[in-house]
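Please read the structure below before turning to the comments.
Since every read-out is calculated from the coordinates, none of them should be taken as a lab result. Treat the numbers as computed from the prediction; the structure is a model and nothing was measured. Here the Cβ positions follow ideal geometry from the backbone for every residue, glycine too, while neighbour counts run over all protein chains shown.
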Amino acid sequence: MGSDAMFIRLVAFAALVAIAAGQLSAQGRPEGPQPRDTAAAPWDFTGSWAPIGTEDVQNDSLPVDYLGLALTEEGRARALSYDESQKSMIDRQCQGWGAAYAVLGPFGLVASQQIDPATKRVVAYTIDSWEDWNGLTIWMDGRPHPSVYALHTQEGFTTGKWDGNGLAAHTTHMKDGFIRKTGVPLSDEATLDWRFIRHGDVMTVLLVAKDPNYLVEPEIISKSFRLSQRPLDYRTPCVPGFEGREPGDGVPHFAPGKNPFTDEFMQFYSLPREAVLGYPETLYPEYRKKIKATYVPPPPCTESCGQSGNFVRRRER
């Protein structure tokens, strides 16, 4: 065989080896999106983020306040059946709130990251738990959400990715929970979409909750946090104790049409009942025109304005 023919065969053999090696390498990689490099993060999500005291998104000053919500009939009925005394039951004191409580609760966010020691890439961000909240893990490695029949937890299952200047995340697989502390429910089919955006030392969290069972339209909540120079620590364990209800007592609740607080918020602010109870049409500007001729605003506040104590003083008059 001539030298030219031998050279051509060697080149062809080397090409086949290279192709085979590439196929084996591809077979060794997991399917789906690959983990993103930490350098792709436009800003550092980790650290202690303290809540800004001038914001209040809890809507828990009065037992029945569904203003700004678009509830289904079933969602409204279940919310009106809720009695806050349920949290005094021994078996419910440490039950924990759902994932949405990250912005509904009073505490800050303490975020850390899990790094793959081999690739040095971020596998997940973790927001530490509180005494009555189970925390949140945001998986950043491209793993898919589990089957619809997989285990549902208070925390749910959350995946995330950097999108432009924000961290976008999506939560599924949550147990039945609440979108407000006053008992407005979220079903186990609800989903949460998050957007974490930073401006200087302020991080704004935008939450969009969707629920085919209890919400006619998505509920949108935003809350801002400020980077804290002092590390925050909320790891105080929840210790149940006697709060007025013995083990085995029935679950406190209100029968249909029997909630004594239904008209309280309405009377304080002269609001129509359908607005207080979360009827969808009340969310739109056209509704203001509809009630303009009949709406009578309450008298100006003179003391403790913006505080729940003001409600007590009004009640005593």
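The local environment of residue 220, defined by Cβ-Cβ distances under 11 Å, has a net charge of -1 under the rule Lys, Arg +1 and Asp, Glu -1. Segment 187-229 to segment 86-103: how many Å between their Cα centroids? Centre-to-centre distance over Cα atoms comes out at 19 Å.
Residue exposure proxy: 245, 226, ordered by other Cβ atoms within 10 angstrom of their Cβ from fewest to most, comes out as 226, 245.
For segment 241-296, the orientation-averaged shadow of the C-alpha convex hull comes to 6.3 nm² (one quarter of the hull surface). Packing, as the average of other Cβ atoms within 10 Å across residues, places the peptides 286-297, 251-262 in the order 251-262, 286-297, highest first. Using the Cβ of residue 288 as centre and a radius below 14 Å, the other residues enclosed give a net charge of 0, where K and R count +1 and D and E count -1.
Report note on the peptides 79-88, 196-205, 181-190: ranked by the mean count of other C-beta atoms within 10 Å, highest first, their order is 181-190, 79-88, 196-205.
Here, segment 51-147 is characterised by an Rg to Rh ratio of 1.06, where Rg is the alpha-carbon radius of gyration and Rh the Kirkwood radius. Taking label positions 7 Å along the Cα-Cβ direction at both residue 201 and residue 176, the computed distance is 4.4 nm, reported to one decimal.
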